[in-house]
Amino acid sequence: MTNLKFPEIVYKYRSWQNKCHKNLLLYNELFFASPKDFNDPFDCRIPPNYIDLSEEEKEQYFNDFIKDRVDKNQPGNDQLISNFRKRLDDKKEFQKEVEKTTFGWQDKYYGIISLSCKWNSILMWSIYSDSHKGFCVGFWEEKLRKYGLAGRIKEVSYDNKFPDLKPFVARTAEDMIKPIFIQLFTKSNEWQFENEYRLVYNYFDNEPLPFERLIYIPDDIFAEVTLGINIPESDRKEIIKICTFKKIPVYQAIKKPFRFEIDRTLID
């Protein structure tokens, strides 16, 4: 996947009071979260829509599925075909079945790191960095993308309209990838303030244990760290000490006079 619009630096807002967040700077840990842990109930919850299929569309889907996935000459498959027809005819129940299977699979096997192209979002500091008492880590985007994860970072799209995914039988890798991209990289316009970029990893059929969702990045992937406007002095000193040892530039966020904006100054 090629994208010429990648920002030079991408950011992660963190709280120093959260041990896992603190480990990002202490031990260079990045965590690939499961979609089930997201705070948006619509995130990665965009299913193909079987309920609104017309009878003609449902028949086409049924025929394509049987033709592509079922050997009619195999003994016993007549019953399988009949059962599939009955399940598909009850579109509401079939929709529930598909969503349970699809989302369950995604929760098990996908890992996502959410990043932003902005370090100065008032809302992001408020929501994800302990009400401006935390910190924001900047990563060199190109180095992060190439660190064993090439091609898996992509900008999130925002839309007012819920995507309409028509059910179809995928026959090629491209057929499979297109709806997955929509599911993983589409969010409501209400989240547009995040300016999100996502780093996605697919664990395939090996459901990872929590520690297996961790990756450890080298120091040179860190581009900078910005300290929140309201960061406690003790946390400030701790972070500066760590960053000085790792040779990571540190900035102090400040309020711009007479504006609803955040500025920052480099700490020498």
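Give, in nm to one decimal, the length gained when the segment between GLN252 and PHE211 is fully stretched (0.36 nm per residue of separation minus the Cα-Cα distance).
Additional length available on full extension: 11.5 nm.
Among bridges DSSP assigns within the stretch 157-268, what percent are antiparallel (round to 5)?
45 percent
May I ask you to give the average projected area over all directions of the convex hull of the Cα atoms of the stretch 129-180, in nm² rounded to one decimal?
Across all orientations, the stretch 129-180 yields a mean hull projection of 6.7 nm².
Considering the values (1) 1.08; (2) 1.22; (3) 1.03, which represents Rg/Rh (Cα atoms, Kirkwood Rh) as calculated for the structure under consideration?
(1)
Describe numerically, in nm with one decimal, the distance between label points set 7 Å from Cα along Cα→Cβ at ASP90 and at ASN63.
Between ASP90 and ASN63, the label points sit 2.6 nm apart.
I need the shape label for the stretch 176-259. Rule: rounded when a/c is under 1.5, else prolate if a/b > b/c, else oblate, with a, b, c from the alpha carbon gyration tensor.
oblate
For the chain, with all protein chains present and a 1.4 Å probe, just round the carbon and sulfur fraction of the accessible area to a whole percent.
Ligands and nucleic acids excluded, carbon and sulfur give 53 percent.
Tell me the label-point distance for the pair GLU238, ALA173, using the 7 Å Cα-to-Cβ offset, in nm and rounded to one decimal.
Spacing of the two 7 Å Cα→Cβ label points: 4.5 nm.
Between GLN17 and ASP164, what is 0.36 nm times their sequence separation minus the Cα-Cα distance? Round to one decimal in nm.
Length gained between GLN17 and ASP164: 48.9 nm.
Please calculate how many Å² of accessible area the chain carries per residue, with a 1.4 Å probe and no DNA, RNA or ligand atoms counted.
In whole numbers, the chain has 58 Å² accessible per residue.
Separation between the GLU142 and PHE193 pseudo-spin-labels, each 7 Å from Cα along Cα→Cβ, expressed in nm?
3.3 nm
The values are calculated or read from the model by the stated rules, or taken from the named source; none is laboratory data. What you see is a predicted model; the values in this text were computed from it and never measured. All Cβ positions, even for glycine, are placed from backbone atoms using ideal geometry, and neighbour counts span all protein chains on display. The accessibility values were calculated without ligands, DNA or RNA, using every heavy atom of the protein model including side chains. Shrake-Rupley method; radii C 1.70, N 1.55, O 1.52, S 1.80 Å.
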